[in-house]
Amino acid sequence: MQASARAYLEGGRTGDGLTALRAEVGRLMAGFAANGAIPVEPAALLPADLLIDLYGEDLRARAYTTHDPNLGEQMLRPDFTVPVAQMHMESGAAQARYAYAGPVWRRQEPGSARPVEYLQCGFEAFGDPDTARADAEVFALLAEALRGAPVSPVIGDMGLVRAGVEALSTTAPRKAALLRHLWRPARFKHLLERYAAPPRPGPSRAALLQAVENGTLTGQLAPAIGLRSPEEIIARAGLLAEDAATPPIPAAEVALLEQALAVKAPLGEALKTLRSIAADMPGLTPAIDRIEARAEALATFGIDGFQLLFEASFGRTTLEYYDGFVFGFTAESRPDLPQIAQGGRYGALTRALGREAPAVGGIIRPEALLALGGDA
């Protein structure tokens, strides 16, 4: 790569290329400010202890970390949403809007051509109790910023996916396990298939507890292997025995969930399909109602939400803190580029930070947007 090249944009570090990029960032920030956003700039080097727990498994593995003798483990900022959410929580404000622009850093897989450093310009809104309207406003704001660019929007809702899992007739531990793997579809599917299979024969929980009382199990475990104590291994064995005795998830429910996750159509058509599925899986209905309310709210911003492409599984391979509305804008003519913009709702993240608040936001990649050309 030439020294003047940067993520997705040749010549973006010098001369006219850098000038154009700075102007594009300024345009985006001005649009966010016009919608009430306060500019913020989180530090590039952040404490890793809390952030490592807040980011999902994928991003944790891709973060650049270092150890400082005075500050402890630190990480280069892999995105803005988490540190901006931290800033909002610490401020004590009920409602606020923020805008930011700057580089983020993420390690890539060996052999990958994806950049390890690129720019994000973003907008985050906290505290609006009218979540349908807030979702619609953020989507419309980014859509306006991308006006004239050759991009196609797609929307989804992680709340629908979560509702589908919660509607299953199974134990709370199994539901929790499925929810942990929502963002890894292959693992999720494998786990769902295992929970739908007939129980495998094995020692019962009562038998394991009897073995503990007799001392036979702890004797077999001594000396302990690895970092787990015999007590921890016994507890884990008991949980496995209990899970093995759990009745399988009914095949009909698995089929309904898979049908819901496979929905991909303009939202108006998708809602009809989802309503049909919800007739047999009523736990989906509240999530479907929220999706429809959001589409109606989009009309107040001049967007026909019912014509937007809806993918029920959209967002399941992105950041794990999204727990509701998700969206993205893709340049179909440039498969070499990532999503030009993306965002969503992340109330679960604020809950993890200690003060739950309605929160939704999105980012635009200005280098990728300029690489597209167009009128944006």
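The values are calculated or read from the model by the stated rules, or taken from the named source; none is laboratory data. The model shown is predicted, which means the values in this text are computed figures rather than measured ones. Note: ideal-geometry Cβ built from the backbone for every residue, glycine included; neighbour counts use all protein chains shown. Remember, those area values only see protein heavy atoms, side chains included, never the ligands or the DNA or RNA. Shrake-Rupley method; radii C 1.70, N 1.55, O 1.52, S 1.80 Å.
Collect residues whose amide H, placed 1.01 Å from N in the peptide plane, falls under 5 Å from the amide H of Ile38; neighbours closer than 5 in sequence don't count.
Under 5 Å from the amide H of Ile38 lie the amide H atoms of Arg97, Tyr98, Ala99, each far enough along the sequence or on another chain.
For segment 251-275, list residues with backbone N below 17 Å from a point placed 7 Å from the Cα of Asp304 toward its Cβ?
Answer for segment 251-275: 265-272.
How much FRET efficiency would the formula 1/(1 + (r/R0)^6) give for Ala186 and Ala93, where r is the Cβ-Cβ distance and R0 is 25 Å, rounded to 0.05?
After rounding, the FRET efficiency stands at 0.05.
Long-range amide H contacts for Tyr118: which residues qualify at under 5 Å (H placed 1.01 Å from N, peptide plane, sequence gap of 5 or more or a different chain)?
Sorted by chain and number, the residues that satisfy this are Val104.
Below 20 Å, Cα to Cα, which lysines can Lys189 reach? Residues fewer than 8 away in the same chain don't count.
Lys175, Lys264
For His181, tell me the accessible area in Å² from a 1.4 Å probe, rounded to the nearest 10.
Here the accessible area works out near 40 Å².
Contour minus end-to-end for Ile38 and Arg275, with contour as 0.36 nm per residue of separation and end-to-end as the Cα-Cα distance?
81.3 nm
Mind jotting down a quarter of the surface of the convex hull over the alpha carbons of segment 277-376, in square nanometres, one decimal?
Seen from a random direction, the Cα hull of segment 277-376 projects 8.6 nm² on average.
By the scheme Lys and Arg +1, Asp and Glu -1, what is the net charge of all other residues having a beta-carbon under 9 Å from that of Arg345?
The answer is -3.
Rounded to whole Hz and in sequence order, give me ³J(HN,Hα) for segment 75-91 from the Karplus expression 6.51 cos²θ - 1.76 cosθ + 1.60, θ = phi - 60°, writing x for Gly and Pro.
9, 6, 3, x, 6, 9, 4, 5, x, 5, 4, 4, 4, 5, 4, 6, 5
Can you list, bin by bin at 5 Å, the percent of alpha carbon pairs in segment 281-325, starting at 0?
Using 5 Å bins, I get a P(r) of 5, 18, 22, 24, 21, 8, 1 for segment 281-325.
Please give me the summed charge of the neighbours of Ala293: other residues whose Cβ is under 12 Å from its Cβ, Lys and Arg +1, Asp and Glu -1.
-3
Within a Cβ distance under 14 Å of Asp280, other residues only, what is the Lys/Arg minus Asp/Glu net charge?
For residues surrounding Asp280, the net value is -1.
Pulled fully out, how much extra length does the chain show between Ala176 and Ser152, if you take 0.36 nm times their separation in residues and subtract their Cα-Cα distance?
Full-extension gain reported as 5.3 nm.
Please list the three semi-axes, largest first and in whole Å, of the ellipsoid equivalent to segment 307-356, using sqrt of 5 times the eigenvalues of its alpha carbon gyration tensor.
Equivalent-ellipsoid dimensions as semi-axes: 25, 12, 8 Å.
Translational diffusion coefficient, Stokes-Einstein: compute it for segment 134-180 using the Kirkwood radius over C-alpha pairs as Rh, at 20 °C and 1.002 mPa s, and state it as an integer in µm² s⁻¹.
160 µm²/s
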